[in-house]
Amino acid sequence: MITETQLDWLRQQLDREPRGMEAIAVSTDEGIPLVVRMRTVVEGRPFPTLYWLSSKDLYKAISVIETQGYIKRLEAEIAEDADLRQALHDSHQDYVNQRTAAMRDEDRDALIAQDKLDYLNRLGVGGISDWTRVRCLHMHYAHHLCGYNVIGQRLEQEFNLSQLSIRL
């Protein structure tokens, strides 16, 4: 259950009213939200993003990493390393499995009615259909905090993101 204080914090973090949010998936010891879990149908449309990074501090740090070409470096390594490719595939599958497990019955029914359930189940982290690619480090790190994600693990190992001071 999201408290009114946490909802206020989310508004500050996002600079807008949160929508499509199901729960706070991860927070600091002080209760500051880091990751929110989203619904699979938002405003009547499929929403493939299960975990949304809400922390501005984590978002900024990961944005810097992205601008330094980290995604291209990772994708080159993924192309060469079968074990890493398999680990990335397993990460996407974990994401799909978690999204399916968290899905409300009415959202599943809406997706079936729209003939979009199979489509959604082919979309991995960040809504990507090519599971050998990396779209968004923010979403991989958010998933890492909630499940198995090899890219998020790498981010943590290389950049110690969990050691950041988190503020509102």
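Bear in mind that the values in this text are calculations on the coordinates, not laboratory data. A quick note: this is a predicted structure, and the numbers were derived from the prediction, not measured. Here the Cβ is made from the backbone with ideal geometry for all residues, glycine too, and neighbour counts use every protein chain on show.
Scanning segment 69-94 for residues that are within 14 Å of Val134 (Cβ to Cβ) and either touching a strand residue (DSSP E or B) at 6+ places or on another chain (Cβ under 9 Å) or of a type outside the set (A, V, I, L, M) (or both) yields a count of 11. Considering only residues of segment 61-78 that are surrounded by 12 or more Cβ atoms within 10 Å (Cβ to Cβ) and either touching an Asp or Glu at 6+ places or on another chain (Cβ under 8 Å) or among the aliphatic types (A, V, I, L, M) (or both), which is nearest to Arg154 (Cα to Cα)? Here the answer is Leu74. Here Arg37 meets the list (1) among the basic types (Lys, Arg); (2) buried (at least 17 other Cβ atoms within 10 Å of the Cβ); (3) without any contact (Cβ under 8 Å) to a residue 12 or more places away in the chain almost entirely, failing just condition (3). Here Asp90 fits the description: more than 12 Å from the chain's Cα centre (by Cα) and in contact (Cβ under 8 Å) with a residue 40 or more places away in the chain. None of Asp105, Asp118, Asp130, Asp109 is farther than 17 Å from Gly44 by Cα, of a type outside the set (A, V, I, L, M) and out of contact with any strand residue (DSSP E or B) (no Cβ under 7 Å at 6 or more places or on another chain) except Asp130. The criterion of being within 16 Å of Gly152 (Cβ to Cβ), in contact (Cβ under 8 Å) with a residue 12 or more places away in the chain and among the small types (Gly, Ala, Ser) does not hold for Ala23.
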